[in-house]
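Participant: The structure follows.
The values are calculated or read from the model by the stated rules, or taken from the named source; none is laboratory data. Small disclaimer: the values here were computed from a predicted structure and weren't measured. No Cβ is skipped: glycine too gets one built from the backbone with ideal geometry, and neighbour counts run over all protein chains shown. What goes into the accessible areas is simple: the full protein's heavy atoms, side chains included, and nothing from ligands, DNA or RNA. Shrake-Rupley method; radii C 1.70, N 1.55, O 1.52, S 1.80 Å.
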Amino acid sequence: MALDEAGLHRKLQLQELEEIRNEAYENAAIYKAKTKAWHDKLIIRKEFKVGQKVLLFQSRLRLFPGKLRSRWIGPFIVVKVFPHGAVEIQSEATSKILKVNGQRLKPYFEGFTVFSKIDLISRLDTSAWPFVCGW
């Protein structure tokens, strides 16, 4: 009888082990789904419009890339936007048309106008002179 009891006990242990494995698998699947939802929530979708200026990420491997060189080239002009993220762009310099993945693009913002100190002083109200000059 001891052998029969030992056999039943071993079967119970194997069933418990299988239940623990299934529970771990379910917990891993739940964790993976939550992590994916959190990651997808933080992704910023890029939408490009025809005529918009963009910069292209240059991903070619180079022997001496240079630490301080920008990896973004351009600006390019968006010619056509395809569904599923592909974008057709045209170079301003060479008028060459490229079809690239939209993930390799980022919007190009025109340079801001920089005012000189004289322009700023002339634009200020004269009643604010003591505060501006520190008098």
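Participant: All but one of (1) under 30 Å from residue 107 (Cα atoms); (2) open to solvent by 100 Å² or more (accessible area, probe 1.4 Å); (3) modelled with pLDDT of 95 or more hold for residue 78, so report the exception by its number.
Facilitator: Of the numbered conditions (1) under 30 Å from residue 107 (Cα atoms); (2) open to solvent by 100 Å² or more (accessible area, probe 1.4 Å); (3) modelled with pLDDT of 95 or more, the odd one out for residue 78 is (2).
Participant: Can you find, within the stretch 78-102, the residue that is nearest to residue 48 (Cα to Cα) among those that are charged (D, E, K, R) and more than 23 Å from the chain's Cα centre (by Cα)?
Facilitator: 92
Participant: A further question follows. In the stretch 22-32, what residues are of a type outside the set (Lys, Arg) and open to solvent by 60 Å² or more (accessible area, probe 1.4 Å)?
Facilitator: Correct list: 22, 23, 25, 26, 27, 30, 31.
Participant: Of the residues 120, 68, 105, which single one is over 15 Å from residue 52 (Cα atoms) and at pLDDT 60 or above?
Facilitator: 68
Participant: Which one of these does residue 96 not meet: (1) open to solvent by 100 Å² or more (accessible area, probe 1.4 Å); (2) modelled with pLDDT under 90; (3) under 25 Å from residue 59 (Cβ atoms)?
Facilitator: Just one mismatch for residue 96, condition (2).
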